[in-house]
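Novice: Sharing a structure with you now.
The values are calculated or read from the model by the stated rules, or taken from the named source; none is laboratory data. All values derive from a computational prediction rather than experimental measurement. All Cβ positions, glycine included, derive from the backbone under ideal geometry; neighbour counts span all protein chains shown.
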Amino acid sequence: MTEVMTVYDRFTELAKRAIVAARDAADSLGHDFVGTEHLLLGLAQTAGTASEALRAHGLEIARTRTAVEDVLRAADVPASGGRSAADALSTLGIDVAEIQQRADRNFGPGAFRYPRPAFSLRLKKVIKLSLHQARELGGERIDTEHLLLGLLSDGEDTITRVWTELGIDPGTLRQTVLDRMARQ
């Protein structure tokens, strides 16, 4: 039987950490989705070529987080914390808070999170662009720099507004990433 490799199987450990950090960023901001802006936060927090390039352009995590919050607030993106999903379960007699407490007691604090934010369609597109970037540069594995290149390749409004808010020129940042990769 032939094994099918998914895009996520191609992620390096650092890239996986960046995705987890993106999901955590979405959680901490109260969003019920993981979008491109959350990926930027995840990349900024994770070691690797992407965070080095971002820091070289003056991106600090706190400033980036503030820019993401400002852009999403201006776009009227609610920070509901998945309240609608918990409310829907409540109408069925399922108390998510009680399940959370039991899970914390039995498995440790934070072992259960509901709802787990889903990837936005835009983020899925950026991940596919990241694979394309890796292949174009001669690789099959996706690392943080490929995720950042995928993010820079996407002209989506929200991430473009974040770049603008941060005073980042995507073309210049892209060249910084490519230069750092060439030196490695």
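Novice: What do you reckon, is Ala47 over 12 Å from Leu147 (Cβ atoms), in contact with a helix residue (DSSP H, G or I) (Cβ under 8 Å, 6 or more places away or on another chain) and surrounded by fewer than 18 Cβ atoms within 10 Å (Cβ to Cβ)?
Specialist: yes
Novice: Right, another one. Residue check, Glu145 against (1) closer than 22 Å to Val71 by Cβ; (2) surrounded by 13 or more Cβ atoms within 10 Å (Cβ to Cβ); (3) of a type outside the set (A, V, I, L, M); (4) touching a residue at least 40 places away in the same chain (Cβ under 8 Å), all met but one. Which one?
Specialist: (1)
Novice: Look at the stretch 30-58 and say how many of its residues are in a loop (DSSP other than H, G, I, E, B) and modelled with pLDDT of 90 or more. Break it down stepwise before answering.
Specialist: We begin by selecting, within the stretch 30-58, every residue in a loop (DSSP other than H, G, I, E, B); these are 30-32, 35, 46-48, 57-58.
Filter again for modelled with pLDDT of 90 or more, leaving 35, 46-48, 57-58.
Within the stretch 30-58, residues that are in a loop (DSSP other than H, G, I, E, B) and modelled with pLDDT of 90 or more number 6.
Novice: Looking at Val71, Val7, Val34 in this structure, which one is over 15 Å from Trp163 (Cα atoms), buried (at least 21 other Cβ atoms within 10 Å of the Cβ) and either in contact (Cβ under 8 Å) with a residue 40 or more places away in the chain or aromatic (Phe, Trp, Tyr) (or both)?
Specialist: Being over 15 Å from Trp163 (Cα atoms), buried (at least 21 other Cβ atoms within 10 Å of the Cβ) and either in contact (Cβ under 8 Å) with a residue 40 or more places away in the chain or aromatic (Phe, Trp, Tyr) (or both) holds for just one of Val71, Val7, Val34, which is Val34.
Novice: State all residues of the stretch 142-168 that are modelled with pLDDT of 95 or more and among the acidic types (Asp, Glu); if no residue qualifies, say none.
Specialist: The answer is Asp143, Glu145.
Novice: If you don't mind, another one. Which residue out of Ile19, Ile61 is over 25 Å from His132 (Cβ atoms), in contact with a helix residue (DSSP H, G or I) (Cβ under 9 Å, 6 or more places away or on another chain), at pLDDT 90 or above and aliphatic (A, V, I, L, M)?
Specialist: Exactly one of Ile19, Ile61 is over 25 Å from His132 (Cβ atoms), in contact with a helix residue (DSSP H, G or I) (Cβ under 9 Å, 6 or more places away or on another chain), at pLDDT 90 or above and aliphatic (A, V, I, L, M), namely Ile61.
Novice: Right, another one. Kindly list the number of the only condition in (1) touching a helix residue (DSSP H, G or I) at 6+ places or on another chain (Cβ under 8 Å); (2) among the small types (Gly, Ala, Ser); (3) within 25 Å of Lys16 (Cα to Cα); (4) modelled with pLDDT under 80 that fails for Ala134.
Specialist: Condition (4) is where Ala134 drops out.
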